[in-house]
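Presented below is the structure to which this report refers.
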Amino acid sequence: MPLLRITALNSHTQLLVWKITETFEALFSSVALKDVSLARLDGMKSESHQKGFLGVRRLLMEAGYTDFDLYYDEFGKPHLKDGRHISISHSNDFSVIVLSEENIGADLEILKEKTLKLAPRFMDISHLHHLSEEDRLRKATVVWGIKESVFKIKNEVGISFKDHIFEDDFNLEDRQCGVSLQFNNTTERFDIVFDFIEDYVFVCAFEKK
Ligand SMILES: CC(C)(COP(=O)(O)OP(=O)(O)OC[C@H]1O[C@@H](n2cnc3c(N)ncnc32)[C@H](O)[C@@H]1OP(=O)(O)O)[C@@H](O)C(=O)NCCC(=O)NCCS
């Protein structure tokens with residue numbers, strides 16, 4: 001199945017999800033790429049990564065853009081030439097992009113046991129108490145996604161998931177929460193929305209107004 005869905009996250013922010021079931025060749029022949037993107041694609045070690053990259057380009061087409069409208073800054077953050085904000089994530093079978101009139105950070109993470117094992121290294125594990133094993137994994141993965149998303153909004157060197165980004169506690173049913181970034185002697189707040197897509201967690205962070 002190609003384009004899975006387009007969802008409005010708010011009045012000016014869209015999530016586009018591509019489920020990658022095509023072959024590399026089919027995806028490759030469906031997109032036009034800049035030379036710099038062809039070189040990047042060529043340098044990727046796994047076909048899965050290549051397909052994720054191409055899936056993003058297919059999603060750009062769905063939104064009326066092409067690879068030629070996208071560029072990256074020196075930290076690797078993607079930008080659109082028309083000034084609209086974009087955030088990109090790909091993981092195994094899925095590519096996602098979020099397009100918005102405001103700065104956003106998005107992340108897609110597959111549910112895997114390792115994330116739960118690593119939880120003490122990146123989150124407040126009291127937020128996992130009193131949950132079933134399955135929900136501990138789901139919540140730890142959401143928190144990981146929250147921290148990746150905040151990192152993607154800020155795009156600043158030196159931000160540590162454990163030491164600088166603090167999630168408020170939340171219930172999995174809420175599909176939203178708040179988070180603080182305490183970095184460089186300032187505290188910033190972000191609003192988070194999250195959801196589950198098959199065995200994946202999707203998270204998007206917005207700067208608090
Ligand atoms: C850059 C980073 C956020 C990418 O996340 P990821 O989960 O590995 O991969 P994702 O598929 O979700 O995201 C990759 C996309 O993020 C985007 N991206 C890369 N660097 C970025 C940055 N500095 N800011 C915003 N977006 C960025 C790119 O679009 C990239 O995809 P593309 O190059 O194919 O277009 C991540 O690797 C990273 O560096 N995290 C912070 C480092 C850290 O603190 N790690 C853990 C400490 S405990």
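In degrees between 0 and 90, to the nearest 10, how far off the longest principal axis of the chain does helix 133-154 point, with axes built from Cα atoms?
For helix 133-154, the angle is close to 60 degrees.
So if the hydrodynamic radius of the stretch 107-207 is defined as the Kirkwood radius over C-alpha pairs, what does Stokes-Einstein give as its diffusion coefficient at 20 °C and 1.002 mPa s, in µm² per second?
159 µm²/s
Helix 47-62 sits at what angle to the longest principal axis of the chain, using alpha carbons and giving 0 to 90 degrees rounded to 10?
80 degrees
Considering the zone a paramagnetic label at GLN176 would reach in this model (a point 7 Å from Cα along the Cα-to-Cβ line), which residues of the stretch 1-39 have amide N under 12 Å from it?
Zone members listed by number: 9-11.
If you project the alpha carbons of the stretch 1-100 onto the principal axes, what extent comes out on each, in Å, largest first?
Sorted largest first, the three principal extents are 37, 32, 21 Å.
Which of these, SER11, SER100, SER180, has the largest mean-square fluctuation under a Gaussian network model of the chain (Cα springs below 10 Å)?
SER11
Could you tell me how many cubic angstrom of Cα convex hull volume the stretch 40-199 has per residue?
Here the figure is 135 Å³ per residue.
With +1 on each Lys and Arg Cβ and -1 on each Asp and Glu Cβ, and nothing else charged, work out how big the dipole of the stretch 3-102 is about its Cα centre, in Debye to the nearest 20.
160 debye
Note down the net charge around PHE75, summing +1 for each Lys or Arg and -1 for each Asp or Glu among other residues with Cβ under 12 Å from its Cβ.
Around PHE75, the surrounding residues sum to 0.
We did not get these values from a lab; they are worked out from the coordinates using the rules stated. Fair warning: this is a prediction, and the values are worked out from it, not measured in the lab. With ideal geometry, Cβ positions are generated from the backbone for all residues, glycine too; neighbour counts draw on all protein chains shown.
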